[in-house]
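Peer 1: Next up is a structure, given as structure tokens.
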Amino acid sequence: MRIEWIGCHPQHVAVLARWHHAEWGALYDDWTLPVATAELEDHTRRASLPTTLVLLDGDTLMGSVSLLMEDAPELQDRGSPWLASLFVSPEARGRGGGRHLVEAAVAHAAAQGVERLRLFTLWHEDFYSGLGWELEERAQLHGVPISIMGIVPARHVAESPPPSLPYPLQTTGTRA
């Protein structure tokens, strides 16, 4: 498994957009499949924030994670940026890919000088807690209970460097 920028693999944008929209589309007003696709296409043009990392096994897409300046407009008063859209395909789950994606995103946020990174999750608070994220608050998004969590990327990377990831991430073909 390896992690690279979506800009190295724009052929996966359509699949990722379908995965993301199917998983989280109901949580957002006006977040259609074409909007999700356009956001990911925009991410192919940069490695700086906002961007998306993809998890690959050979040429097979296994998952992704994004770093966004805004995840949900209703949550923007909490600050930015946000880790978002962590998704591992069902057939690839249970092999550590989600952990690797989160660690890579946190390390990239640290390299970008992000002081605090946030996320929200509906079901996976324990997973993120196990990776060093701290619960900030419980809230609701469109009537759905969520947990808002945060991490200090530089401190986390210094305490728990991700040894098994291909650093620096592959950036061939992307623009910063």
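Peer 1: So residue 69 clears everything in (1) of a type in the set (A, V, I, L, M); (2) in contact with a strand residue (DSSP E or B) (Cβ under 6 Å, 6 or more places away or on another chain); (3) under 18 Å from residue 5 (Cβ atoms) except one condition, right? Which one?
Peer 2: (2)
Peer 1: Further question: Would you mention how many residues in the stretch 1-49 are among the charged types (D, E, K, R) and under 18 Å from residue 90 (Cα atoms)?
Peer 2: 3
Peer 1: Would you say residue 65 is at pLDDT 95 or above and surrounded by 19 or more Cβ atoms within 10 Å (Cβ to Cβ)?
Peer 2: yes
Peer 1: To continue, here is another question. Here are 83, 56, 101: which of them is in contact with a strand residue (DSSP E or B) (Cβ under 6 Å, 6 or more places away or on another chain), under 23 Å from residue 31 (Cα atoms) and modelled with pLDDT of 90 or more?
Peer 2: 83
Peer 1: Right, another one. For residues that are among the aromatic types (Phe, Trp, Tyr) and in contact with a Phe, Trp or Tyr (Cβ under 9 Å, 6 or more places away or on another chain), scanning just the stretch 23-60, find the one that is surrounded by the fewest Cβ atoms within 10 Å (Cβ to Cβ).
Peer 2: This residue is 31.
Peer 1: Additional query: Restricting attention to the stretch 110-128, which residues are touching a strand residue (DSSP E or B) at 6+ places or on another chain (Cβ under 9 Å), farther than 23 Å from residue 29 by Cα and either crowded, with 17+ Cβ neighbours inside 10 Å or not polar (S, T, N, Q) (or both)?
Peer 2: Listed by number, the residues that qualify are 110, 114, 116, 117, 125, 127, 128.
Peer 1: While we're on this one: Please return the ranges of strands (runs of 3 or more DSSP E) entirely within the stretch 36-117 where 1 or more residues are of a type in the set (Gly, Ala, Ser) and within 14 Å of the chain's Cα centre (by Cα).
Peer 2: In the stretch 36-117, the matching strands (runs of 3 or more DSSP E) lie at 60-68, 82-88.
Peer 1: Could you tell me which residue of the stretch 76-98 is surrounded by the most Cβ atoms within 10 Å (Cβ to Cβ), considering only residues that are among the basic types (Lys, Arg) and within 16 Å of residue 56 (Cβ to Cβ)?
Peer 2: Ranking the candidates gives 95 first.
Peer 1: I've got another one for you. Under 9 Å between Cβ atoms, which residue pairs at least 6 apart in sequence (or on different chains) link something in the stretch 5-19 that is closer than 11 Å to residue 43 by Cα with a partner that is loosely packed, with under 15 Cβ neighbours inside 10 Å and of a type in the set (Ser, Thr, Tyr)?
Peer 2: Listed by first residue and then by second, the contacts come to 5/171; 5/172; 7/171; 7/172; 8/171; 8/172.
Peer 1: Taking the stated definitions as given, is residue 131 touching a helix residue (DSSP H, G or I) at 6+ places or on another chain (Cβ under 6 Å), free of Cβ contacts under 8 Å to residues at least 40 places away in the same chain and surrounded by 13 or more Cβ atoms within 10 Å (Cβ to Cβ)?
Peer 2: So residue 131 passes the test.
The values are calculated or read from the model by the stated rules, or taken from the named source; none is laboratory data. Given the structure is predicted, the values throughout are model-derived calculations rather than measurements. Every residue, glycine as well, gets a Cβ built from its backbone with ideal geometry; the counts of neighbours run over all protein chains shown.
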